[in-house]
Amino acid sequence: MLGVVSLICVVLLLSAGSILAGEKGRINLVGSDFSSWRGSIGEWKIVGEAFTNPENEKLLSGKPGTGVMINGIKGTTTDILSKQELGDVRAHVEFMVPNGSNSGVYFMGRYEIQVFDSWGVKEPTYSDCGGIYERWNDNRTPQGYEGHAPRVNASRPPGQWQTYDVIFRAPRFDSKGQKISNARFEKVIHNGVVVHEDIEISGPTRASTYSDESPSGPLMLQGDHGPVAYRNIWIEPTGPNPFFAMDTGTKDDKHKTAKEQVEMLKEFGYAGISHTGYEGLAEMLQELDKQQLRLFTIYTGVNIDPGQQKYDPKLPQIIETLKGRNSILWLYVISSKLKPSSPEGDTNAVEIIREIADMAAKSDVRVALYPHYGFWVERVEDAIRIAKKSDRSNVGITFNLCHWLRVAKGEGLEPLLKSAMPHLFVVTINGADNTGQDWKQLIQTLDRGSFDMSGFLRTLSKAGYTGPIGLQGYGIGGDVHDNLQRSMNAWQKLSQVMLSDLESAKR
C-alpha cells in the first residue's frame, strides 16, 4: 500500500501555488525514460529542455538530456497513460505549448483539465487553458454539456512553462458497484491562481480513454491535438476530505481579528473557515486570500412566518461578494409560530428558499439548509424534505453532528446518511459524549468525548461523502489556539484511518 500522507500537507500551499507534499507516497512520472508509462509511447521522446522551434512558432524543439517529455516533432502522436492507478490524488504538472497548440491532462483517464494556448483571452471558456472540459452525448441537445470555464485566465505566453496543482476526488461506489457520489475537482490552481474549487463531474469528459467510471485510474496526457511538453509531473494519494473550522471556535481574547484567526488556521493546516453574517466579511476574505485559504460557508437565517422579514436585507450583497468563490450559504430556518419540523410551514419555506436559490444561482453560489435543534428546520430529515420540494440544483443540506445527537440521540445514522447523500453539501463534527444532552457534552474538542468518531467517519465515507467537513466549536471556551491544535491533531489521526480504510476497500 502507498504511504499515508498527513492531511495537513494537502491544504498547505506555496506562495507560488504548488501544493506542499512529503516524498512518502509521491509518484514521479517524468525521468530518464518511459518506465512510468504503459502501452504504446508513439512518438513521445525524452529531452533535457523544450522550447519553441525558431523556424516555426507552432512547433516545439528539444535539446538532448532527460527530465522533459515532448510528443514528437509534429505533436500528433498517441495519448499516454501512467502505469500507476490512483483514486483521490493531488498532482503537480508542468507543461509548455507553442502558439495555438492544444493538449489535456485527464485524471483517472476520464476527467480533463484543458491545456491550451489561451494567452490574451479575456473571457475564457471550458475549452481554454485551465478549463474543465465538457462532456459529450450525441443523443443529447446540446450534445456538449457540463463544461466549466476557469474563474480567470491565468495563462502565460506560448513557449513558457506553466503549472497545474490539483486536488482531485475519485467517484465513490457501494458494495454492489453502483456509483453513490461523483468525481470532483476540489481545487485546481493554474500558475498560482485558483481557477476551480469543488467542481463535480458527473461522468467522463469528451475524448477520455474510458467511457465508464471506476474507483481508480491512470493519469493520461493527450498527445494527438498539437505539440506539447511536460516535466515535473507527480501524483500522490490524499486524505479523503477538506477540513475547515467554523468561526464559532476561532475567537477569543487573543484572536479577535480576521487576520489573527486566519493566521492561526494556516498554522495548523485547516483548509479555511466559515463566517457568520455580513459584518467583517470583506476583511475575512482579504485575509483568507492572503493565506490562500477558502471561505467555505456563510451562516445566515430565514424566517418563514408571514409578515416577518424573510432574510437579512444584505443577503444580495453577501451573494454578490461570494461570486466565484465556491462558498455556500448556510441557511438556518426559524419560525415563532410553528413547532420545529411542522410541515405546515413547507409552502412558505419552499417559496423563500427558491427565491434565495434563484438569486444565488446567478452568482454560482450554493445553498445548504442548516438543521438546528429548536429551530423550524430541526432535523436532517426536515432539510432533506425542503431541499427536495425546493427543486433547485443549487439547494442542498448540512449534517450537523451535535444537533443530530441532540435530536436523534445517535440513532439511525446509516439510513439517514443514505437518504441525505444526494443533497449533502457540508458536514460538521466535534468531540461529543454519546449520552450527552447539554451543549457542553455535545460540543467538545475533537480529541475528547465518548462518541465513536472513527465509526461515524467510516459510515460517512461508506455513504460516498467526499465533501468538506467543518469543526464545530460553539461554547467550548478556553484558549482557541489550544482547542484548534488539539482538534487538528485528532483529525490527522482520524484521516489516516479513513485513508487506510479507503485503500483497503480498493484492494
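The values are calculated or read from the model by the stated rules, or taken from the named source; none is laboratory data. Because the structure is a prediction, the values reported are computed rather than measured. Neighbour counts run over all protein chains shown; Cβ positions are idealised from the backbone, glycine included.
From the list 224, 198, the lone residue that is at pLDDT below 95 and more than 28 Å from residue 272 (Cα to Cα) is 224. Selection within the stretch 228-251: residues that are over 23 Å from residue 426 (Cβ atoms) and at pLDDT below 90. The member of this set that is surrounded by the fewest Cβ atoms within 10 Å (Cβ to Cβ) is 237.
Just so you know, in the stretch 197-225 the residues that are surrounded by 23 or more Cβ atoms within 10 Å (Cβ to Cβ) and among the small types (Gly, Ala, Ser) include one that is farthest from residue 161 (Cα to Cα), and it is 217. Listed conditions (1) within 26 Å of the chain's Cα centre (by Cα); (2) part of a loop (DSSP other than H, G, I, E, B); (3) surrounded by fewer than 23 Cβ atoms within 10 Å (Cβ to Cβ); (4) on the phi < 0 side of the Ramachandran plot are all met by residue 464, apart from (4). Inclusion of residue 75 among residues that are under 21 Å from residue 36 (Cα atoms), modelled with pLDDT under 95, in contact with a strand residue (DSSP E or B) (Cβ under 9 Å, 6 or more places away or on another chain) and in a loop (DSSP other than H, G, I, E, B) is warranted. Among the residues of the stretch 261-298, the one identified as more than 19 Å from the chain's Cα centre (by Cα), more than 12 Å from residue 250 (Cβ to Cβ) and surrounded by 18 or more Cβ atoms within 10 Å (Cβ to Cβ) is 281.
Taken together, the residues in the stretch 193-214 that are of a type outside the set (D, E, K, R) and over 17 Å from the mean Cα position of the chain (by Cα) amount to 8.
If you scan the stretch 173-204, which residues turn out to be assigned to a strand (DSSP E or B) and more than 23 Å from residue 92 (Cα to Cα)?
173, 179, 180, 181
Looking at (1) surrounded by fewer than 23 Cβ atoms within 10 Å (Cβ to Cβ); (2) modelled with pLDDT of 95 or more; (3) within 20 Å of the chain's Cα centre (by Cα), which one does residue 395 not meet, given that it meets all the others? (1) is the only condition that residue 395 fails.
The set of residues in the stretch 107-124 that are assigned to a loop (DSSP other than H, G, I, E, B), surrounded by 23 or more Cβ atoms within 10 Å (Cβ to Cβ) and among the hydrophobic types (A, V, I, L, M, F, W, C) contains only 108.
Which one of these is farther than 18 Å from residue 380 by Cα and in contact with a strand residue (DSSP E or B) (Cβ under 7 Å, 6 or more places away or on another chain): 445, 435, 428? Before you say what the answer is, go through the steps one by one.
On the way: 435 fails: in contact with a strand residue (DSSP E or B) (Cβ under 7 Å, 6 or more places away or on another chain); 428 fails: farther than 18 Å from residue 380 by Cα.
One residue alone meets the criteria, 445.
Report yes if some residue within the stretch 125-144 is more than 22 Å from residue 171 (Cα to Cα), in a loop (DSSP other than H, G, I, E, B) and either of a type in the set (Gly, Ala, Ser) or within 19 Å of the chain's Cα centre (by Cα) (or both); otherwise report no. The answer is yes; a qualifying residue exists.
Have a look at 55, 43, 85 and point out the one that is surrounded by fewer than 19 Cβ atoms within 10 Å (Cβ to Cβ) and either assigned to a strand (DSSP E or B) or modelled with pLDDT under 90 (or both).
85
With the structure loaded, tell me whether residue 194 is surrounded by fewer than 23 Cβ atoms within 10 Å (Cβ to Cβ), touching a residue at least 60 places away in the same chain (Cβ under 8 Å) and under 21 Å from residue 123 (Cα atoms) or whether it fails that test. Considered against the rule, which asks whether it is surrounded by fewer than 23 Cβ atoms within 10 Å (Cβ to Cβ), touching a residue at least 60 places away in the same chain (Cβ under 8 Å) and under 21 Å from residue 123 (Cα atoms), residue 194 comes out as yes. When residue 422 is tested against (1) in contact (Cβ under 8 Å) with a residue 24 or more places away in the chain; (2) surrounded by fewer than 16 Cβ atoms within 10 Å (Cβ to Cβ); (3) not in a loop (DSSP other than H, G, I, E, B), only condition (1) is not met.
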